[in-house]
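The structure appears below as structure tokens.
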2 protein chains.
Amino acid sequence: MREVARVAGVSVSTVANVLSRPGIVAPETRLRVQQAIDRIGYVPNGAARQLRGVPSPIVGSVTLDLANPFHAEVNRGIEDGLAAAGCLVLACSTDLRPDTETRLLHLLQQQNVRGIIISPAHPDPAQLLEVSRRGTPVVLLDHPKERLDLCAVAVDDALGGRLAGEHLRELGHRRIAYLGATVDPGPVTRRREGLRQAVGEFLDVRMDVHPPSLGEAAAAAAGRIVALEPTAVVCLNDTAALGLLDGLAALGVRVPEDLSIVGYDDLPFARRLAPALTTVSQPKYQLGLAAAELLLDEGRPGHAHREVRFQPQLVVRASTAALAH
Amino acid sequence: MREVARVAGVSVSTVANVLSRPGIVAPETRLRVQQAIDRIGYVPNGAARQLRGVPSPIVGSVTLDLANPFHAEVNRGIEDGLAAAGCLVLACSTDLRPDTETRLLHLLQQQNVRGIIISPAHPDPAQLLEVSRRGTPVVLLDHPKERLDLCAVAVDDALGGRLAGEHLRELGHRRIAYLGATVDPGPVTRRREGLRQAVGEFLDVRMDVHPPSLGEAAAAAAGRIVALEPTAVVCLNDTAALGLLDGLAALGVRVPEDLSIVGYDDLPFARRLAPALTTVSQPKYQLGLAAAELLLDEGRPGHAHREVRFQPQLVVRASTAALAH
DNA sequence: TTGAAAGCGCTAACAC
DNA sequence: GTGTTAGCGCTTTCAA
């Protein structure tokens, strides 16, 4: 900046004025400074600006797994929602590990991010309230606001589970399994409860998803599921359903003749699987967009914390069928 | 920090020492300072640190579209590769728009990021060389190094196209279409050329992918493709192949009996489509991991720019078949 | 309309 | 082993 000032024959503060309040500088001077900036290829130093109190354009996004297509699309919504305000997304994955989440929250605070959008891995929100209290706005994603003093974007997960359960009941199913993981994120736990309340006999199946992928774990769980003799299985998401279809095919179990399958998320491939997957759809891009808007609103004068709530929708396809007698 | 010093009864520089060079501080003093830090809940200010020359832990990742499962997984590889060094990923999508890319590069430089990993949208790398020359390391992703003075992670795209073409030739196909977009990223263009060189009659089909999704555009292109009377179609990626299968089903065209289809990327769903998709697999997570490693190496003493090259692999499934006579 | 100067929070050289 | 001190690049009064 000093160099720009020298070349333009003005003082640093005039250069600063051209950058921050161009209206206050004489047109002729402004032009000279602009030319100097272009000639030198001057790029302002964000760190120095921040130190002077200008808010950072960076927003932290803490998700469970960026490689998961659901989260990837949510993040794209966040990115686009923030882009209008010139903000950038610092994207992090926790793999559902509370300690990783704690570490990331620390790092983000240190970076003075404008705010944090988080799908919590830790069941206790105390940590998040503390971050918020310290001055970094926090928006919950895929988590209900309840009485928390934070903004939240939520999907009615229990309803999603119930929709799947009621659909299966109507088809005559009574023994229904839920394929989840040994440790599930909040939304999956809430779906399970919604399903449990909607069905007769509920069979809880848990996968250990450590080393292999979710799909492989689901394929490997096929035998255990079949042994329980359910007539239908609801999976924690479409990827698990995909793997389960694989595993069932290997066992010679026909879907939906022998077993009905329901997925969750309605990823683009769901409609083209063999058989086309019945699933529960939830908005993805819109979730991210809403979270971005809530976060941007945090800075504004009359801001009050609020919740934006989305409804899931059952999409019936060919992987579920009426129970044969 | 001053507050911590006051509480611990030491000077700010002692606090600084505890944070940056703990070994130099007397254990007793160190403990007192640590306790003060915990009690106050002090969080260091990254901006101030940066201003003093400590490198930023943030790395920019500029991709074409974070919501694309291929890029999402690449980014996850980047994230994990950088995590070991305590770095965070600022993830951006360009949607293949050169002006967006330019804007993002500017923003990233302003943030003094440690480096930038980029899948270029702009065909001319001049801009990237300039960024690198100015002191922000740049690693090319999904782009060959060639004579550029940058590190690069590349996949042999032409080979990928050739593999698809040779597979189809062996099955007796001669009229082969390539389904791409009106404006394709570099890798897709290179695959097209590889395919063109491997087949007899090459039919170039371009989709306009602006408002709807790639899958929908591909479904809509089914009619145009059929009119060209190819016996096989290679798609720019699996998502397009998925859409095309949809469109063909609506037209009553059977795959592979009437038309063979080849995808690209081998996304998890490819093996479970109806029919299971023949596709060209390329490493995704590994690409990101390699890029992260190259970037981290940029800071080290004897660093020399180099290219890490991956080979694509043909995965034959049920969507391609020998040409009936 | 422009310039001089103070200071944001921190690090590191140096003196004690 | 600990404290004093001088900036890092910028914004923002305030004075000229």
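The values are calculated or read from the model by the stated rules, or taken from the named source; none is laboratory data. Everything quoted here is computed from the prediction, not taken from an experiment. Positions of Cβ are backbone-derived with ideal geometry, glycine not excepted, and every protein chain shown enters the neighbour counts. Protein only, heavy atoms only, side chains kept; ligands, DNA and RNA dropped before computing areas. Shrake-Rupley method; radii C 1.70, N 1.55, O 1.52, S 1.80 Å.
Dimensions of the protein assembly as shown from C-alpha coordinates, computed as largest minus smallest value along each principal axis and given longest first, are 80, 60, 48 Å.
How about segment B:1-95: which trypsin sites (Lys or Arg not before Pro) there lie in a loop by DSSP and see at most 13 other Cβ atoms within 10 Å? Don't jump to the answer; show the numbers that get you there.
Numbers: sites: B:2, B:6, B:30, B:32, B:39, B:49, B:52, B:76; in loops: B:52.
Here the trypsin sites (Lys or Arg not before Pro) that fit, given the DSSP loop and packing criteria, are B:52.
Here the Karplus relation 6.51 cos²θ - 1.76 cosθ + 1.60, evaluated at θ = phi - 60°, turns the backbone of segment B:150-157 into coupling constants of 9, 7, 8, 10, 10, 10, 6, 5 Hz, with x for every Gly and Pro.
Compared with the dominant principal axis of the Cα atoms in chain B, helix B:186-198 is inclined by about 30°. Interface of A with B. Using a 1.4 Å probe and counting protein heavy atoms only, the two chains hide about 4300 Å² of accessible surface, both sides summed. Which value, in Å² and to the nearest 10, is the accessible area of residue B:99 when all protein chains are kept and the probe is 1.4 Å? Accessible surface of residue B:99 is approximately 100 Å². Shown for residue A:297: label points 7 Å from Cα along the beta-carbon vector, and their distances to the equivalent points in the other copies, 4.9 nm in ascending order. Ascending distances from the residue B:170 label point to its copies in the other chains, with the point 7 Å along the Cα-to-beta-carbon line: 4.9 nm.
With the charge dipole of chain B set up from +1 on Lys and Arg Cβ and -1 on Asp and Glu Cβ about the Cα centre, the Cα lying farthest toward the positive end among the listed residues B:100, B:279, B:311 is that of B:100.
Simple spin-label estimate for residue B:227 and residue B:124 gives 3.6 nm between the two label positions (7 Å along the Cα-to-Cβ direction from each Cα). Of the GluC sites (Glu not before Pro) found in segment B:257-325, those in coil by DSSP whose Cβ has at most 10 other Cβ atoms within 10 Å are B:257.
Looking at the protein assembly as shown, what % of its DSSP beta bridges pair antiparallel, to the nearest 5?
Working: 10 of 84 bridges.
Antiparallel bridges make up about 10 percent of those DSSP assigns within the protein assembly as shown.
Which one, B:251, B:66, B:88, has the greatest fluctuation when you compute a Gaussian network model over chain B with C-alpha springs under 10 angstrom? Greatest mean-square fluctuation among the candidates belongs to B:251. Of B:303, A:106, B:122, the order by accessible heavy-atom surface (1.4 Å probe, DNA, RNA and ligands excluded), from most exposed downward, is A:106, B:122, B:303. Beta bridges per DSSP, both residues in chain A: antiparallel share near 5 percent. Helix B:27-40 axis versus longest C-alpha principal axis of chain B: approximately 60°, rounded to the nearest ten. Under 20 °C and 1.002 mPa s, how fast does chain A diffuse according to Stokes-Einstein, given a Kirkwood radius computed over C-alpha pairs? Answer in µm²/s, whole number. Value of D from the Cα-based Kirkwood radius: 97 µm²/s. For chain B, find the longest principal axis of its Cα atoms and tell me its angle to the long axis of helix B:98-110, 0 to 90°, nearest 10. It works out to around 10 degrees. Per-residue 3J(HN,Hα) values for segment B:137-148, derived from phi via the Karplus relation 6.51 cos²θ - 1.76 cosθ + 1.60 with θ = phi - 60°, read x, 10, 10, 7, 10, 6, 8, x, 5, 6, 8, 5 Hz in sequence order (x marks Gly and Pro).
Across peptide B:67-76, how many C-beta atoms of other chains are within 10 Å of each residue C-beta, on average? Let's see the in-between values first.
Working: counts 13, 4, 8, 0, 4, 11, 5, 1, 6, 8.
Average neighbour count from other chains, rounded to a whole number: 6.
Charges were assigned to the Cβ only: +1 to each Lys and Arg, -1 to each Asp and Glu. The resulting dipole of the protein assembly as shown about its Cα centre is roughly 1960 debye. Each Lys and Arg adds +1 at its Cβ and each Asp and Glu adds -1 at its Cβ; summed about the Cα centre, chain A shows a dipole of about 1180 debye. Taking a straight line from the alpha carbon of residue B:145, these lysines sit under 23 Å away, with near neighbours fewer than eight places off in the same chain left out: B:284. Hey, could you grab the Kirkwood Rh for segment A:88-131? Inverse mean 1/r over distinct alpha carbon pairs, Å, one decimal. Its Kirkwood hydrodynamic radius stands at 10.8 Å.
Think of each Lys and Arg Cβ as +1 and each Asp and Glu Cβ as -1; about the Cα centre, that makes the dipole of segment B:27-121 roughly 560 debye. The H on the amide N of residue B:155, modeled in the peptide plane, is under 5 Å from the matching H of B:142, B:143, B:310, each at least 5 residues off or on a different chain. Applying both filters, DSSP loop and at most 15 other Cβ atoms within 10 Å, to the GluC sites (Glu not before Pro) of segment B:146-188 gives B:146. Excluding residue A:123 itself, calculate the net charge of residues whose Cβ lies under 14 Å from the Cβ of residue A:123, where each Lys or Arg counts +1 and each Asp or Glu counts -1. Taking every Cβ under 14 Å from that of residue A:123, the sum is -4. Residues of segment A:16-59 whose accessible area, computed with a 1.4 Å probe over protein heavy atoms, drops by at least 40 Å² once all protein chains are present relative to their chain alone are A:43, A:47, A:51, A:58.
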